[in-house]
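To keep things clear, I will list the structure first and then write my remarks on it.
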């Protein structure tokens with residue numbers, strides 16, 4: 001399956017999974033690494049599913065983007081804590097992805113805009129768009145899906 005990496009192979013695999021476990025027919029979410037062929041193959045078998053990016057791939061992409069902008073590990077960590085939260089001992093500080101609703105997510109993201117742009121300006125990054133704009137354009141959809149998934153798990 002990994003040698004071909006085409007949608008037909010992944011579709012056959014998804015069909016086999018569904019055949020072995022018919023309860024999966026109505027699955028609502030499916031985590032992937034965003035490989036197009038994988039998503040296309042699985043979409044043919046799980047029509048109701050929303051395809052989420054694997055959390056670790058999601059986090060790795062953010063780390064990579066921050067690195068591309070010239071941020072060092074300490075600075076990267078600050079962004080990651082603001083997005084994903086952090087834990088100190090038994091105390092958990094929730095990040096952006098733990099927002100209870102889309103509206104709260106939007107408010108929290110907007111509250112980070114100024115500090116994110118300021119940090120990037122101090123760094124002297126010359127990329128055409130800011131990290132804030134990149135994050136909003138590229139990652140917000142996945143964050144919103146994570147927010148919705150977390151609220152569904154609570155309810």
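Rundown of residues vs (1) more than 17 Å from residue 136 (Cα to Cα); (2) assigned by TED's automatic domain parsing to the domain that holds residue 116, yes/no style:
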position: 11; (1), (2): yes, no
position: 15; (1), (2): yes, no
position: 25; (1), (2): yes, no
position: 30; (1), (2): yes, no
position: 46; (1), (2): yes, no
position: 63; (1), (2): no, yes
position: 90; (1), (2): yes, yes
position: 93; (1), (2): yes, yes
1 or more residues touching a strand residue (DSSP E or B) at 6+ places or on another chain (Cβ under 9 Å) and surrounded by fewer than 16 Cβ atoms within 10 Å (Cβ to Cβ): qualifying helices (runs of 4 or more DSSP H) within segment 1-71: 55-68
Would you call residue 99 at pLDDT below 90, touching a helix residue (DSSP H, G or I) at 6+ places or on another chain (Cβ under 8 Å) and either closer than 17 Å to residue 75 by Cβ or crowded, with 17+ Cβ neighbours inside 10 Å (or both)? yes
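The values are calculated or read from the model by the stated rules, or taken from the named source; none is laboratory data. Remember, it's a predicted structure, so these values are computed and weren't measured experimentally. Reconstructed Cβ throughout: ideal geometry from the backbone, glycine too, with neighbour counts over all protein chains shown.
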